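As structure tokens, the structure follows; a few thoughts come after it.
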Amino acid sequence: MIQIVAAALIWLLVICLLPGIRRRRDHSVLTAAITISVSLTLNIDQVYLGIDSALGGRNLADLLANISMVVGIYFLSRAIIRAATPDGTAGKRDRGGLTLLAVVIMGLAASFSAIVTQGSSTRFMVDYGDQSAAALYSSIQFVYIGYVVGVTGLTCFHFRGDMLRPFFRTAFTCIGVGCVFAFLLVILVLVMDILHLQGRLDAMRAISPVYDATVVAAMFFLCLGLGIPPVARRVLRHRESVTEDELIRSLMKIWEKTTKKRQDVRLAQGAEMISQQDRAQRLHRMLVEVQDALLVEPGLGSFLDIHDLNVLNAAENYLAGPIVHQVPVRRRKGERAI
């Protein structure tokens, strides 16, 4: 059951990320989410048995799941750190990190090959965890995960205060909390591996409920933190589109009155379709043309009533507001990747 819950949470995150795939330049979070989803899905008993049977019944599905997990954790960490760091240095090619990831994958494959197994097992570490090779196999994976989530969590807590938007601060806080639970999960796994090697199965089973709860908590906070930015951005874009449409409609009459003698320099007719991408640019251009017309011919101001002046003021305040409304749109510190 715990495997199904964990897989469902991460697949839900994938669904949240998919709608913005065309607008998003960096797909690291989506790549990481899909890779981790595959890993967790392979841990579901029915899926595991079906895949492993197709691979020869040698528990290669477990190796595939664990490799997918470390690869996903790596890309997830890089995306989060790149989004959090303001100087952009984290965006450079991470040769050291890729080298370490390659070493971990080779270590997993080598230690897995030394484990003696008998047919497909949906409880791989429970059945074979008393072998030192299996303990090494598990330790390589979780020590690496612990290192990565530790660095990621510290980065989130360090830079969360630099986020200008509240939903980014909330997102990085949730991710940081998720990393704390993930680090606790690593400690629990390593303790359980040691207890298994020592034959202290009762103590290992006593820790198991805490392990299950920690898995759910880690996945919940990580998925929540990663899901907040794309969902919040879609909500904000919808609100901005509604506001921009209203301002364009209200400004259209003023624009027609003040720029009708300046056909050579003004925008195309207002009946032209406006895409979601250029609403803010069009609003900005209309406002500039109205202001230019009033500057060249001050007498045009006599044709504007209080309502018209309020519309002009509202458009100016909107465009001079948050950076996202300004033309051209600038990218904020700490809001690059997620």
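Mean Kyte-Doolittle of at least -0.5 plus a Cα span of 15 Å or more along the axis: flag which DSSP H helices in the chain meet both, please.
Span-like helices in the chain: 2-17, 28-42, 60-84, 95-113, 132-159, 166-197, 201-259, 279-296, 306-319.
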ask   = So what is the calculated 222 nm ellipticity per residue for the chain, using -39500 (n - 2.57) for each DSSP H run with n of 4 or more, over all residues, to the nearest 500 deg cm²/dmol?
value = -25000 deg cm²/dmol
request  = Report relative contact order for the chain in percent, whole number only (criteria: Cα-Cα under 8 Å, sequence separation at least 6).
outcome  = 19
note = Given unit charges at Cβ for Lys, Arg (+) and Asp, Glu (-), the dipole magnitude of the chain about its Cα centre in debye, nearest 20, is 800
inquiry  = Of the listed values [x] 22.8, 69; [y] 20.0, 66; [z] 27.3, 93, identify the label whose number matches Rg and Dmax of the Cα atoms in Å calculated from this model.
reply    = [z]
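Computed from the coordinates by the stated procedures, all read-outs in this text should not be read as laboratory data. The structure presented is a predicted model; accordingly, all values stated were derived computationally and were not measured. Every residue, glycine among them, receives a Cβ derived from its backbone with ideal geometry; neighbour counts consider all protein chains shown.
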